[in-house]
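Chemist: For reference, the structure I am asking about is given below.
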């Protein structure tokens, strides 16, 4: 299990500092699982850094061999007040190219125009868009 350091209040994520512990046992799937449990309307995906082709190669599995630093472990802050660009830059500094997507109805969209929004706002916007675009029969 990928440790998440901090307690958090699901209704107000921006008040808490949440840091992912990344070590030699960390997998991209576990990072995605923890990230998705905190932000159900956001998704994080990882790409190989060396590809310059528009259809970049997705990275899955253990991240130890990709980490730019030979440290035993490191932390990535994924607190609600942090912006998409800050979190993506943190992963990039470790040697992992990350991209955060937002849910819009039944599709996942890039956050290129809203990269300066905090994760909490991105997630809330995804929730609103998904509810607004849901079929009438599935609305509450």
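Chemist: Being exposed (fewer than 15 other Cβ atoms within 10 Å of the Cβ) and either at pLDDT 85 or above or part of a helix (DSSP H, G or I) (or both) narrows it down to one of 132, 98, 70, so name that one.
Modeler: 132
Chemist: Exactly one condition in (1) part of a helix (DSSP H, G or I); (2) modelled with pLDDT of 95 or more; (3) in contact with a strand residue (DSSP E or B) (Cβ under 7 Å, 6 or more places away or on another chain) is false for residue 120; which is it?
Modeler: The failed condition is (3).
Chemist: Failed condition for residue 107, given (1) crowded, with 20+ Cβ neighbours inside 10 Å; (2) closer than 29 Å to residue 128 by Cβ; (3) modelled with pLDDT under 95, with all others met?
Modeler: (1)
Let's see how each residue does on (1) modelled with pLDDT under 65; (2) surrounded by 12 or more Cβ atoms within 10 Å (Cβ to Cβ); (3) in a strand (DSSP E or B); (4) touching a helix residue (DSSP H, G or I) at 6+ places or on another chain (Cβ under 7 Å):
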site	(1), (2), (3), (4)
20	no, yes, yes, yes
33	no, yes, no, no
45	no, yes, yes, no
49	no, yes, no, no
52	yes, no, no, no
56	yes, yes, no, no
65	yes, no, no, no
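The values are calculated or read from the model by the stated rules, or taken from the named source; none is laboratory data. Because the structure is predicted, anything quoted here is derived from the model rather than measured. Here Cβ is always computed from backbone atoms with ideal geometry, including for glycine, and neighbour counts include all displayed protein chains.
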